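Beneath this line is the structure, given in structure tokens, with notes to follow.
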Amino acid sequence: MEALSQKQTTRLNKLQKRLRREMGSAIEDYAMIEEGDVVMVCLSGGKDSYTMLDILMNLQHRAPVQFQLVAVNLDQKQPGFPETVLPAYLKSVGVPYHILEKDTYSVVKEKIPEGKTTCSLCSRLRRGTLYGFAQKIGATKIALGHHRDDIIETLFLNMFYGGKMKAMPPKLRSDDGANLVIRPMAYCREKDIAEYAELKRFPIIPCNLCGSQENLKRKAVKEMLNDWDRQHPGRIETIFTALQNVAPSQMVDRGQFDFVSLKRDPDAKFEGSVAEADLPAFDFLDVNNSGHLKLDRKPDNALDVVNVYEP
């Protein structure tokens, strides 16, 4: 294999530092990994999971807490799956690993009509198997390779097609409470991960072995976000920041905020007018006087009542 050029090596080091910083920040912000944890790293053979494992190994030597890494791959018996690739790689980097075998491929092909996307059912079957195995090996955390782009794409998919304001949390407890899922790459950009994986020359296993059509809805959302990123640099970062600054009282979900019990405080003292920046660009309807309030630019900020109607 041809060695990297000096320029490529410099770029690789820069990307590694960035990914390590971003993963370290996410782990710290959400308390993903604690002293004595056994982290089961789910390895699919794609760029994301390879990068996650690589950076976690790097952080393992620098972190202020001690934790173990165990790589786990599920061989779903897809035709043409290269069974020797992952074991060879994991042995070469010295990570303890388990290769599970479960023929979920046949189940998916039986249940999903020809030509339809199989990814949803496939992922549910895979998740169930991995959750159960985590219990067997005493894993305290399950690490998945979803990144920032996955989180934002999921937000828009749920908004556009599911009618839910819902994304992917960096840390999630399973419904039965038995497993804790973490996403250490929650702050990482997909394009950085893709470039890093290429420079590291990970032995990528393609995700098209089953012949499934790519999820067209997710593909459309990804293209939309990529267009935004090109046309409006910084917009994707702003969207992700918004996910970290949710104001339930400014939404319309009655389950997240108690609007029904919300009342004015009759004893509260009025502390001044609404900030000018919050005022709409039109006059106000005066409900009490059935008239119109006109904004006045007088020094005393007085309001004149005009067009009063008295039935």
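The values are calculated or read from the model by the stated rules, or taken from the named source; none is laboratory data. Since the structure is predicted, the reported quantities are computational estimates derived from the model, not experimental observations. So basically every Cβ, Gly included, is an ideal-geometry build from the backbone, and we count neighbours across all protein chains shown.
Below, the figures for the structure above:
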quantity: Any chance Ala63 is surrounded by fewer than 19 Cβ atoms within 10 Å (Cβ to Cβ), at pLDDT below 95, within 29 Å of Gln244 (Cα to Cα) and under 25 Å from the mean Cα position of the chain (by Cα); calculated: yes
quantity: Pairs where the first residue, in the stretch 38-55, is assigned by TED's automatic domain parsing to the domain that holds Arg183 and the second is in a helix (DSSP H, G or I) and among the aromatic types (Phe, Trp, Tyr), C-beta under 7 Å, 6+ apart; calculated: Thr51/Tyr196
quantity: Residue in the stretch 2-9 that is farther than 22 Å from Ala139 by Cα and either of a type in the set (Ser, Thr, Tyr) or surrounded by 16 or more Cβ atoms within 10 Å (Cβ to Cβ) (or both) present; calculated: yes
